[in-house]
Amino acid sequence: MEIPLSKPDITELEKKYVLEVLDSSVLSFGEKLTAFEESFRQKFHVKYAVAMNSGTSALHTIVKALNLKAGDEVITTSYSFIASSNCFVFEGVKPVFVDIDPKTLNIDTKKIEEKITENTKAILPVHVFGQPANMDEIVRIAKKYNLYIIEDACEAIGAKWKNDYAGTIGDAGVFAFYPNKQITTGEGGVLVTNHKEIYETALSLRNQGRNINSKWLEHERIGYNYRMSELQAAVGLAQMERLDEILLKREQVANHYRKLLQKYQVPVEVPTILREAVISWFVYVIILPKEIDRNQLMERLFQQGIHTRPYFPAIHLQPAYAPFAFKKGDLPITEDISNRTLAIPFHSNLSYAEQEKVIHQLAIELGDGKNG
Ligand SMILES: *Cc1c(COP(=O)(O)O)cnc(C)c1O
């Protein structure tokens, strides 16, 4: 029995909508795209939503729309998928990394202010693994220093900080739909914002810099082809109609994992979920004891058909970031955590039997199999 790390949740509804698109012969900018974007405005109570071909494209578009440029600095986290930082590097904006909270694995808001300089223009919190960062503190700091907030909610669709949806609290936010995300479009992302200017600039940037009010081939800025196809939007619309169902299933899988970890007394930790936060389950991550050889553990689990992945390697130590001359020890908590976290199989249709196998095997490998 192979147990994959993740798996999209696709039903007859997604297939039906894709076939409707194929039969319509409108394969780009059709009614599915409009409905997909509308579903975000409705669900998350935001004024504007712009669908694009990836989460990375949507993040880059926000950086351009806010006119961030070389010489500017942005406060963010190194414990993330590299796109949350690359979107700045594309424009010569310097990512300034703040260490994380070892409990939540999100940016440690107590350490933000000491990294703010006169060049700081924005804060980009990543709601890592689906749990919102402390948005009360981020909003307070942003107001105090007059900074933009860009929310990377790519892993946190449907999550909440208190009563507000992740992605809708800052100036703009992004959701992403790669096949391992809670919902998928194959590839894709959505930018949400309440600012008309960001919205209109994003519409233009995703469509080759066109003047959005002119039917003419008039390009008022250098733009991109960041468009989402109608086929992708069809999959996404069906997924959005099923969002609550999918998130509930994922929550049940996560709850069951927690019970199994207790039942088998597996000597690992899991991230703490704050009282103020409603998590949207993206992946299930365990934190291994310091003495465990993670590579060996992954290899042994793999022999049993159990797929795992070391989420996340720290961005500041990636080879691509060598020009910035970060070094080991710059972010001790990020580095320690990223050496010890492991994502185990997780998706909305993971069966209890599969979960039992994963945790039982983990208990055996970590030398505590006697309880199973
Ligand atoms: C998935 C993800 C993105 C966007 O990825 P794309 O593959 O470009 O859609 C950005 N940031 C984080 C933290 C992510 O997990």
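The magnitude of the dipole of the chain, with charges of +1 and -1 set on the Cβ of Lys/Arg and Asp/Glu and taken from the Cα centre, is near 240 debye. Classify the chain from the C-alpha gyration tensor, please: rounded if a/c falls under 1.5, else prolate or oblate depending on whether a/b exceeds b/c. Oblate, because a/c is 1.5 or more while a/b does not exceed b/c. I want to verify a result. In a Gaussian network model of the chain, Cα cutoff 10 Å, which of these has the top mean-square fluctuation: 311, 199, 352? Checking each option, the largest mean-square fluctuation is seen for 352. Judged by the gyration tensor of its Cα atoms, with axes a ≥ b ≥ c, the stretch 142-216 is oblate; a/c meets the 1.5 cut and b/c is at least as large as a/b. Between residue 284 and 344, the built amide H atoms are under 5 Å apart, and every one of these is 5 or more places off in sequence or on another chain.
Taking the Cα centre of the stretch 214-372 as origin and assigning +1 to Lys and Arg Cβ atoms and -1 to Asp and Glu Cβ atoms, the resulting dipole is close to 160 debye.
The calculated 222 nm mean residue ellipticity attributable to helices in the chain amounts to -11000 deg cm²/dmol, summing -39500 (n - 2.57) over DSSP H runs of n ≥ 4 and dividing by all residues.
Each residue, residue 220 and residue 20, gets one label point 7 Å from its Cα in the Cβ direction; the gap between the two is 3.3 nm.
Residues 90, 177, 324, ranked from the fewest to the most other C-beta atoms within 10 Å, line up as 90, 324, 177. Tell me the angle of helix 243-263 to the major Cα principal axis of the chain, expressed in degrees between 0 and 90 and rounded to the nearest ten. Between helix and principal axis, roughly 20 degrees. Let a ≥ b ≥ c be the square roots of the eigenvalues of the Cα gyration tensor of the stretch 171-257; is it rounded (a/c under 1.5), or, if not, prolate (a/b larger than b/c) or oblate? Verdict is prolate for the stretch 171-257. The spread of Cα positions in the stretch 60-171, taken along each principal axis and listed from longest to shortest, comes to 34, 27, 23 Å.
Only the coordinates and a few stated rules stand behind these numbers; no lab work does. None of these values were measured; they are calculated from a predicted model. Using ideal geometry, Cβ is built from the backbone for each residue, glycine included, and neighbour counts are taken over all protein chains shown.
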